[in-house]
Amino acid sequence: MTGATNIKRIAIFGSTGSIGTQALQVIAANLDKFSVEILTAQNNDELLVQQALQFKPNIVVIGDERKYQKVKEALASTETKVFVGEQSLEEVASMDCYDLMVAAIVGFAGLRPTLRAIETKKIVALANKETLVVAGDIIMAKAVEHRVPIIPVDSEHSAIFQCLVGEARNRIEKIVLTASGGPFLGKKPNFLVNVKRDHALQHPNWAMGAKITIDSATLMNKGLEMIEAKWLFNLQPEQVQVVIHPQSIIHSMVVFEDGSMKAQMGLPDMKLPIQYALSYPQRIASKFPRYDFKKPNTLTFEEPDVKTFRNLTLATNALYKGGNLPCVLNAANEIAVFAFLRNRLGFMDMTDLVERTMDKMPFIEKPTVEEYFESDGEARTFAASLIHM
Ligand code: NAD
Ligand code: MG
């Protein structure tokens, strides 16, 4: 934080996405508390330019090199510096012009810049769960080494994080991750084989980026979140439970060793966990809609159907076995979702692709960072070879 003014300087990696744009909405409502220093986008140059003109950051990064000239020209009359390409993300993440990174890039691509942020002692508000799924041991060890807080943005993990405030010395018996169940809750394989992209992209409770929306429909999202939770809260695999809660009002729970349960509740709106991560340890006022107990409403809970949604079983295996297996699972899943979104792979085939890739890749018990990158690359190549493109 910059001493006298108490303004937190924010870098949003992935500012044009669902999380990135909502983070900017939170900042826009609290300009006395936050300033925007860095914005990055992969393809959407028009939105990036519009955001830069509004928030006047120090730096923007456009990933796609073909868009560089356009962005540069559009911002020529401003003081915003324009960087380009994947390498720049790491370079910019290392700079000292900001205090907190909102890690909102989707997928494995978010790992390297997030590592750089930690190594240069920035607070990380982490939306990019894939980073922890791939290399959670290394990320958390580096965070401890550099004394950097990793504050979860994912709603379930934000809920647990909030339940744990004031409980530092108390043992957790287990955590209960709630899952909406997605658009195909209650459906069976004979229905799911015919599911197409557009149907799977319609989530009942949350509007999110394409990848996580598909992950929510296949329940891979909850699988990734189990692994994310293990690293964030230093848990054993047996301490992580998933329960289906279709209304998405309880965002997750912690059970303590005396049997007491704490839950964090609210309407499903990502702006709340984003704002909490930005303002932590304080809470700041918001005008987000409130849950109304006067309206009839029922909260329900049920066991996930792991026979139909086998991704949850695959992710549980990866959670228990550890090593490079979660990294392999994540890589194969990114390929599978990418192919499904292009109508090149069926809904149920995504799970088969992940399973076959997990079976095939050599297991590494304690990978180095480089070995994680290699496992990711090999798993992607193998998974892609199984798809007839
Ligand atoms: P999104 O697809 O809407 O946005 C992704 C952002 O990352 C965009 O700004 C895009 O330009 C950038 N990006 C994409 N590929 C990139 C690459 N190869 N290199 C650099 N930048 C790249 O995604 P989202 O829904 O905002 O999700 C972002 C992350 O947050 C994901 O890891 C997701 O799992 C997590 N998350 C999202 C939500 C949500 O409500 N959207 C909730 C919880 C967690
Ligand atoms: Mg979540």
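All of the numbers you see were taken from the coordinates with simple rules; none came from a lab. Bear in mind the structure is a predicted one, so any value in this text is a computation, not a measurement. Positions of Cβ are generated from backbone atoms using ideal geometry, with glycine treated the same way; all protein chains shown enter the neighbour counts.
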Report summary line: Most exposed first, judged by fewest Cβ atoms within 10 angstrom, Y291, Y68 run Y291, Y68
Query raised in the report: In whole angstrom, how far apart do the alpha carbon centroids of segment 254-296 and segment 125-169 sit?
Result: 17 Å
Query raised in the report: Which is the longest stretch in the chain that no exposed loop site breaks, taking sites as trypsin sites (Lys or Arg not before Pro) with a DSSP loop state and at most 14 other Cβ atoms within 10 Å?
Result: 1-120
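Between E374 and D96, what's the calculated FRET efficiency when r is the beta-carbon distance and R0 is 35 Å? Round to 0.05. Spell out each step's value before the answer.
Details: r = 31 Å, r/R0 = 0.89.
E between E374 and D96, to the nearest 0.05, is 0.65.
With the Cα gyration tensor of segment 153-289 giving a ≥ b ≥ c as the square roots of its eigenvalues, does the rule (a/c under 1.5 for rounded; else a/b larger than b/c for prolate; else oblate) give rounded, prolate or oblate? Numbers along the way, then the final one.
Details: a/c = 2.29, a/b = 1.45, b/c = 1.58.
Note, shape of segment 153-289 comes out oblate.
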**Report entry** Cα-centre dipole for segment 269-354 with unit charges at Cβ (Lys and Arg positive, Asp and Glu negative), debye to 20
**Finding:** 440 debye
Query raised in the report: Near K262, which lysines are there with a Cα under 28 Å away, not counting those fewer than 8 places off in the same chain?
Result: K129, K174, K222, K230, K271, K287, K294, K295
Report task. Using the charge dipole of the chain (Lys, Arg: +1 at Cβ; Asp, Glu: -1 at Cβ; taken about the Cα centre), state which of I19, A127, M226 has its Cα farthest towards the positive end. Result -> I19
Query - Lys, Arg +1 and Asp, Glu -1 on Cβ, resulting dipole of the chain about Cα centre, debye, nearest 20 - result: 900 debye
Requested in this report: Quick one: among D198, D269, D215, which has the greatest mean-square fluctuation in a GNM of the chain with alpha-carbon springs under 10 angstrom?
Outcome: D198
Report task. For K360, go through the lysines and keep the ones whose alpha-carbon is under 17 Å away, minus same-chain ones fewer than eight residues off. Result -> K321
Query raised in the report: Which of the aspartates and glutamates could be linked to K187 by a straight reach, that is with a Cα gap under 15 Å, when you skip same-chain ones fewer than 8 residues away?
Result: E302, E303, D305
